[in-house]
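A.B. asks: Pasting in a structure now, in structure tokens, and then I'll have a few things to ask.
The values are calculated or read from the model by the stated rules, or taken from the named source; none is laboratory data. The structure presented is a predicted model; accordingly, all values stated were derived computationally and were not measured. For neighbour counting, all protein chains shown are included, and Cβ atoms are generated from backbone atoms with ideal geometry for every residue, glycine included.
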Amino acid sequence: MSENKYQVDTVERATASPETEQPYEALGVKDDEYARIREILGRRPTSSELAMYSVMWSEHCSYKSSKVHLKQFGEKAPEVDFLLVGPGENAGVVDVGGDLAVTFKIESHNHPSYVEPYQGAATGVGGIVRDILTMGARPVAVLDPLRFGPADAADTHRVLPGVVRGIGGYGNSLGLPNIGGEVVFDACYSGNPLVNALSVGVLKKSEIKLAKADGPGNRVVLFGARTGGDGIGGASVLASATFDEDKPSKRPSVQVGDPFMEKVLIECCLEIYAEDLVTGIQDLGAAGLSCATTELAAAGTGGMDVQLDLAPLRDATLVPEEILMSESQERMMAVVTPENLPRFFAICEKWDVIATVIGTVTDTGRLRMTWHGETIVDVDPRTLAHQGPVYERPYHRPSWQDALQADAPSAERLARPKTGDELRETVLTMIASPNLADKTWVLEQYDHRVRGNTVLAHGEDSGMLRVSEDTGAGIALSTDGNGRYTKLDPYTGAQLALAEAYRNVAATGAKPLAVTDCLNFGSPEDPEVMWQFAEACRGLADACLELGTPVTGGNVSFYNQTGSEAIHPTPIVGVLGVIDDVARRTRSAFETEGEILLLVGETRDEFGGSEWAHVAHGHLGGLPPRLDLERERQLAEILIAGSRDGMLSAAHDLSDGGLVQAIAESCLRGGHGARVVLPSELDPFVALFSESAGRAVVAVPRSEEKRFTDMCVFRNVPVARIGVVDGDELDVQDQFAIPLDELREAWTGTFPKLFG
Amino acid sequence: MPARIGVVTFPGTQDDTDALRAARVVGAEPVALWHRDPALHGVDAVILPGGFSYGDYLRAGAIARFSPVMEAVIAAAREGLPVLGICNGFQILCESHLLPGALIRNAGTLFINRDVKLRVESTSTAWTSDYTVGQEILIPIKNGEGKFAADEKVLDELEAEGRVIARYVDNPNGSARDIAGIANAAGNVVGLMPHPEHAIEDLTGPYPGPATDGLPFFTSVLKQLVNA
């Protein structure tokens, strides 16, 4: 065995042995892609180069299947003056007024979270936070939209508690408030939960950092955690053929997070930024060192020499291919001028962060790496970073789409509650159903207070943070998505996700500004899934153009399926908004007896993909609610003006579960009941449970009712007085009454019963 | 000259920003102290804020007590310097033997972030004089290891000497005798599991309020310093 020593594959050896067979297929590289690599290099790749191409040209890093559709977000982007950095960098940056900018992005960590819920979810938080840090910003919050299989399924009880503890364990230890997100259950996510994480950061406009290695002679510094054998995908496969058998071989494919290291790394980086000590910076995420070196080099002067054997290791037996592919967490790479190096190292020393110069920027146009003096990589970095394969995957409308849409949840198809007693029973069943029930059991495991700037968090329509203690200026964020709507109609479903997040931000009084999206889909090799993806991108890009909210960045997650069964297509949309003074925020709770309740927007008989059809009948069919983007914009302006001019006491967007769910939540949060008179022209069931878009319920003081109503009429948005904040029950006149205590018991009992 | 309140940052500290803000809000001069620096820079009081110092690896607070700044804090506390340890800071004070007992994993094992009602039991400490005995206040907790534990003899002593400064009205984590905070015999050192620095502003405090029940912890020490 000891004879079978690892032998480094050098450029010299690769040139001399063109016929050597390479395990490219095991690394996920296709025949034509391998041929192209050989053509680019004019020889076979070394095993290190092959490792780099395999990860950089992977779907995850290259967006090779999604690129042709994602480009619409640029082509159809609305013209705005606040976008400082658009898609393509680690995260988008928007101008939020004064000298402040905000950077935000959403990412997925779906597959790792299924395999190892705690670490998968934890490192998902860690990864997106490093993206935000890389832009030069102090990360200030996270949000976590989550999807799980049925709430009562055994596997959900393995996955959900671990995911929640992982998000809390990592995020809480970073000192980042968790201010929003979702917890949604559906059988389609059995075996494939969605664990998305959004992070947001604040920086001075003048301090934006970019991932590029400029200036020949500048040093390339690797700092943070040591590189270990975790998170290696195919590299172990690649290398195992020539490995010494007595070295550790089985590596966990899920990375293991150390939030303490990341917290220290954040503070260390912010001190380094404050002294303006880096010319470029990149975090090490997917594809680790391969990605950081190639992206920095490709975006900068163009060349870099790296002495790979200088990288500090956790496991001294690691070989170059593994080091290049390791996804060990909590690592960063900076480009630093020789003059700045002493200060850079002094700050790293202050925070006990290991920092090592491993390379130099060059103007050769080549990324060269050596291993104990021998050259193992010599490539044009742009061929790795930018010139990967691009696929025009075939797609077509699924054969079952028409039948699905034709199966509308009409009154004839699905029995509806009719009497007051039946409606009452339905309200209690719905509010206790896992998707609509109170999520306190989850949210109590997250710290939403740390840093002391959280103005709104979970339970409100959007999370809101103060970003300036001097002016009171703030930002708001909401993430939304509805897989059922998107399954029924991917184009409209994606737009509805945007509309809901947009509406939620406006409901708290903030002006929606920009978008980040996490597109969770099945396999792109399935033409029907690809059609869903293409339609969702087209819909989202069209809607972003119409609402004037550009997509600033995001993430695509494919292959979310178990066998041939794909998840519902689930685009999650995050909307960032701004508010001049957070003291003017609007809460969702009914706080004051006697105030008037108004329903803004139009209610139609719309139950396709609704929570009611799901809960009462397990039915999914028909079309999702119709969407009128101009109406959404008008509604948002009303909600923002209502907040700014002090007309609104409370506002709550109407979405899953309809009007009665929104009113019940606002009653329970405020501890006040409501007397509700349903509009006479509507069937009571439709009025209470329809999920028509473009609606909100608001509470206004009597003195403001006329002014607010006039504003709606002026904007041609329907508004109706539907009741008054009063008493200690939810009293829907002529139908039913439910004491708040009974309502609260139904709402709050579900999660402790399921998971407590 | 305003009183100077120092706030220690260890690697892994999270709530230092909030504690510094609390000092500022009540009119003190906030002074950031660094774990490696043994100098207290002339501060009149010290807050050990919440967080996960040194990652809480080994045991919450176990490593922080050996840092250079803690040597200075321990010495000054024995001379009467007012010291408030919040959450992880309380854990550090116990590990440093400035306070008895220990904080262990919550009954129920989960991290809990919740607004909880406390009953103030003692106002004869540097940090609680602005409350009244028996007053009920709303302060957030957020911890995974917040269950106060000590042997019966120590608990009896704490009770007998009036050193239990606050109790949970509805015990969230299984703390012995509902104890949320304690003081040393002299009353200058206080450890508290809940976070008064998160209850100092209408905008960001507990909702629905009262939102600012945490302020008297900071005004108490300020008054004592001004009167001293």
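A.B. asks: Taking the options A:ASP246, A:ASP230, name whichever one is within 30 Å of B:PHE52 (Cα to Cα), modelled with pLDDT under 90 and more than 14 Å from every other protein chain (Cβ to nearest Cβ).
C.D. replies: None of the other options fit; the residue is A:ASP230.
A.B. asks: Where residues in region B:25-50 are farther than 19 Å from B:ALA126 by Cβ and either more than 14 Å from chain A (Cβ to nearest Cβ) or free of Cβ contacts under 8 Å to residues at least 12 places away in the same chain (or both), which of them is surrounded by the most Cβ atoms within 10 Å (Cβ to Cβ)?
C.D. replies: Once the filter is applied, the top-ranked residue is B:PRO38.
A.B. asks: Residues in region B:36-56 that are assigned to a loop (DSSP other than H, G, I, E, B), over 23 Å from A:ILE347 (Cβ atoms) and in contact with a helix residue (DSSP H, G or I) (Cβ under 7 Å, 6 or more places away or on another chain): how many?
C.D. replies: First, the residues of region B:36-56 that are assigned to a loop (DSSP other than H, G, I, E, B): B:36-44, B:49-50, B:52.
Imposing the further condition that a residue be over 23 Å from A:ILE347 (Cβ atoms) reduces the set to B:40, B:42-44, B:50.
Next cut, in contact with a helix residue (DSSP H, G or I) (Cβ under 7 Å, 6 or more places away or on another chain) only: B:40, B:44, B:50.
Of the residues in that region, 3 qualify.
A.B. asks: With respect to the numbered conditions (1) outside any helix (DSSP H, G or I); (2) modelled with pLDDT under 95; (3) of a type in the set (S, T, N, Q), which one is the sole condition not fulfilled by A:THR123?
C.D. replies: Every listed condition holds for A:THR123 apart from (1).
A.B. asks: Kindly indicate whether any position in region A:178-185 is on the phi > 0 side of the Ramachandran plot and within 14 Å of chain B (Cβ to nearest Cβ).
C.D. replies: No, because not a single residue in region A:178-185 is on the phi > 0 side of the Ramachandran plot and within 14 Å of chain B (Cβ to nearest Cβ).
A.B. asks: Of the numbered conditions (1) crowded, with 24+ Cβ neighbours inside 10 Å; (2) touching a helix residue (DSSP H, G or I) at 6+ places or on another chain (Cβ under 6 Å); (3) within 14 Å of chain B (Cβ to nearest Cβ), A:PRO571 fails exactly one; give the number of that condition.
C.D. replies: With (1) crowded, with 24+ Cβ neighbours inside 10 Å; (2) touching a helix residue (DSSP H, G or I) at 6+ places or on another chain (Cβ under 6 Å); (3) within 14 Å of chain B (Cβ to nearest Cβ) applied to A:PRO571, the lone miss is (3).
A.B. asks: Inside region A:305-400, counting only strands (runs of 3 or more DSSP E) that do not spill past its ends, which hold 1 or more residues that are among the polar types (S, T, N, Q) and more than 14 Å from chain B (Cβ to nearest Cβ)?
C.D. replies: The strands (runs of 3 or more DSSP E) meeting that bar are A:355-362, A:367-371, A:374-379.
A.B. asks: Is region A:190-205 home to any residue that is away from chain B (no Cβ under 14 Å) and either within 28 Å of A:PRO381 (Cα to Cα) or among the aromatic types (Phe, Trp, Tyr) (or both)? Talk me through it step by step, then tell me what you get.
C.D. replies: Pass one, region A:190-205, residues away from chain B (no Cβ under 14 Å): A:190-201, A:203-205.
Now narrow it down to the ones that are either within 28 Å of A:PRO381 (Cα to Cα) or among the aromatic types (Phe, Trp, Tyr) (or both): none.
The answer is no, given that none of the residues of region A:190-205 is away from chain B (no Cβ under 14 Å) and either within 28 Å of A:PRO381 (Cα to Cα) or among the aromatic types (Phe, Trp, Tyr) (or both).
A.B. asks: While we're here: Of everything in region B:79-98 that's in a helix (DSSP H, G or I) and of a type in the set (A, V, I, L, M), which residue is surrounded by the fewest Cβ atoms within 10 Å (Cβ to Cβ)?
C.D. replies: B:ILE92
A.B. asks: B:ALA76 versus (1) at pLDDT 95 or above; (2) surrounded by fewer than 23 Cβ atoms within 10 Å (Cβ to Cβ); (3) at the interface with another protein chain (Cβ under 10 Å from one of its Cβ atoms): which is the lone unmet condition?
C.D. replies: (3)
A.B. asks: Another question about this same structure. Among (1) within 14 Å of chain B (Cβ to nearest Cβ); (2) at pLDDT below 95, where does A:LEU284 come up short?
C.D. replies: All conditions are met except number (1).
A.B. asks: Of everything in region A:189-204, what is over 19 Å from the mean Cα position of the chain (by Cα) and either over 21 Å from A:GLY554 (Cα atoms) or among the polar types (S, T, N, Q) (or both)? Give them in sequence order. Explain how you work it out, then say what you get.
C.D. replies: Step one: list which residues in region A:189-204 are over 19 Å from the mean Cα position of the chain (by Cα), which gives A:190-191, A:203-204.
Correct list: A:SER190, A:GLY191, A:LYS204.
A.B. asks: Which one of the conditions (1) surrounded by 24 or more Cβ atoms within 10 Å (Cβ to Cβ); (2) within 12 Å of chain B (Cβ to nearest Cβ) does A:GLY169 fail to meet, given that it meets all the rest?
C.D. replies: Failing condition for A:GLY169: (1).
A.B. asks: Applying the selection to region B:169-228, what residues are away from chain A (no Cβ under 12 Å), small (Gly, Ala, Ser) and within 17 Å of B:ALA19 (Cβ to Cβ)?
C.D. replies: B:GLY181, B:GLY191, B:SER220
A.B. asks: Then there's this: Can you say whether A:THR317 is crowded, with 18+ Cβ neighbours inside 10 Å and polar (S, T, N, Q), as far as the supplied structure shows?
C.D. replies: no
A.B. asks: Now for a separate question. Considering only helices (runs of 4 or more DSSP H) fully contained in region A:641-746, which possess at least 1 residues that are small (Gly, Ala, Ser) and under 24 Å from A:GLU611 (Cα atoms)?
C.D. replies: The qualifying helices (runs of 4 or more DSSP H) are A:658-670, A:684-689.
A.B. asks: Ok, one more. Considering each of A:TYR53, A:TYR34 in turn, give the residue that is without any contact (Cβ under 8 Å) to a residue 24 or more places away in the chain, surrounded by 15 or more Cβ atoms within 10 Å (Cβ to Cβ) and either under 22 Å from A:GLU327 (Cα atoms) or not acidic (Asp, Glu) (or both).
C.D. replies: Residue meeting the stated conditions: A:TYR34.
A.B. asks: If A:ASP309 meets every condition in (1) surrounded by fewer than 23 Cβ atoms within 10 Å (Cβ to Cβ); (2) within 23 Å of A:CYS268 (Cβ to Cβ); (3) more than 25 Å from the chain's Cα centre (by Cα) apart from one, which number is that one?
C.D. replies: Evaluating A:ASP309 over (1) surrounded by fewer than 23 Cβ atoms within 10 Å (Cβ to Cβ); (2) within 23 Å of A:CYS268 (Cβ to Cβ); (3) more than 25 Å from the chain's Cα centre (by Cα) leaves (2) as the failure.
Residues checked against (1) modelled with pLDDT of 95 or more; (2) aliphatic (A, V, I, L, M); (3) within 26 Å of A:TYR391 (Cβ to Cβ); (4) out of contact with any Leu (no Cβ under 7 Å at 6 or more places or on another chain):
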position: A:GLU3; (1), (2), (3), (4): no, no, no, yes
position: A:THR15; (1), (2), (3), (4): yes, no, no, yes
position: A:LYS64; (1), (2), (3), (4): no, no, yes, yes
position: A:ALA101; (1), (2), (3), (4): yes, yes, no, no
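A.B. asks: Would you pick out the residues in region A:77-90 that are modelled with pLDDT of 90 or more and touching a Lys or Arg at 6+ places or on another chain (Cβ under 9 Å)? Talk me through it step by step, then tell me what you get.
C.D. replies: First, the residues of region A:77-90 that are modelled with pLDDT of 90 or more: A:77-85.
Result: A:LEU84, single match.
A.B. asks: Within the bounds of region A:664-674, is there any residue that is buried (at least 22 other Cβ atoms within 10 Å of the Cβ), modelled with pLDDT of 95 or more and basic (Lys, Arg)?
C.D. replies: There is no residue in region A:664-674 that is buried (at least 22 other Cβ atoms within 10 Å of the Cβ), modelled with pLDDT of 95 or more and basic (Lys, Arg).
A.B. asks: Looking at B:ALA107, B:ALA102, which is the one that is in contact (Cβ under 8 Å) with a residue 40 or more places away in the chain, surrounded by fewer than 19 Cβ atoms within 10 Å (Cβ to Cβ) and more than 14 Å from every other protein chain (Cβ to nearest Cβ)?
C.D. replies: Step by step, each of B:ALA107, B:ALA102 is checked, and only B:ALA102 is in contact (Cβ under 8 Å) with a residue 40 or more places away in the chain, surrounded by fewer than 19 Cβ atoms within 10 Å (Cβ to Cβ) and more than 14 Å from every other protein chain (Cβ to nearest Cβ).
A.B. asks: In region A:324-359, what residues are over 20 Å from A:GLY136 (Cβ atoms), surrounded by fewer than 20 Cβ atoms within 10 Å (Cβ to Cβ) and among the β-branched types (Val, Ile, Thr)?
C.D. replies: Across region A:324-359, the qualifying residues are A:ILE354, A:THR356, A:VAL357.
A.B. asks: Only residues that are buried (at least 24 other Cβ atoms within 10 Å of the Cβ), of a type in the set (S, T, N, Q) and part of a loop (DSSP other than H, G, I, E, B): list them for region A:518-552, please.
C.D. replies: A:THR549
A.B. asks: Take the conditions over 30 Å from A:GLY285 (Cα atoms) and touching a Ser or Thr at 6+ places or on another chain (Cβ under 9 Å) and apply them to A:SER523. Does it pass?
C.D. replies: no
A.B. asks: Can you name the condition, by its number, that B:PRO11 falls short on among (1) more than 17 Å from the chain's Cα centre (by Cα); (2) in a loop (DSSP other than H, G, I, E, B); (3) surrounded by fewer than 21 Cβ atoms within 10 Å (Cβ to Cβ); (4) within 14 Å of chain A (Cβ to nearest Cβ)?
C.D. replies: (3)
A.B. asks: Still on this model: In region A:426-476, what count of residues is obtained for those that are in a loop (DSSP other than H, G, I, E, B) and either within 13 Å of another protein chain (Cβ to nearest Cβ) or not small (Gly, Ala, Ser) (or both)?
C.D. replies: Here the count works out to 27.
A.B. asks: Now for a different question. If we keep just the residues of region A:458-484 that are within 15 Å of A:GLY180 (Cβ to Cβ) and surrounded by fewer than 23 Cβ atoms within 10 Å (Cβ to Cβ), which is modelled with the highest pLDDT?
C.D. replies: Pass one, region A:458-484, residues within 15 Å of A:GLY180 (Cβ to Cβ): A:458-465, A:474-481.
Okay, now just the ones that are also surrounded by fewer than 23 Cβ atoms within 10 Å (Cβ to Cβ), so A:458-459.
Numbers: A:HIS458: 92, A:GLY459: 89.
For region A:458-484, the residue satisfying everything is A:HIS458.
A.B. asks: Yes or no: A:ARG416 closer than 30 Å to A:MET52 by Cβ and over 29 Å from the mean Cα position of the chain (by Cα)?
C.D. replies: no
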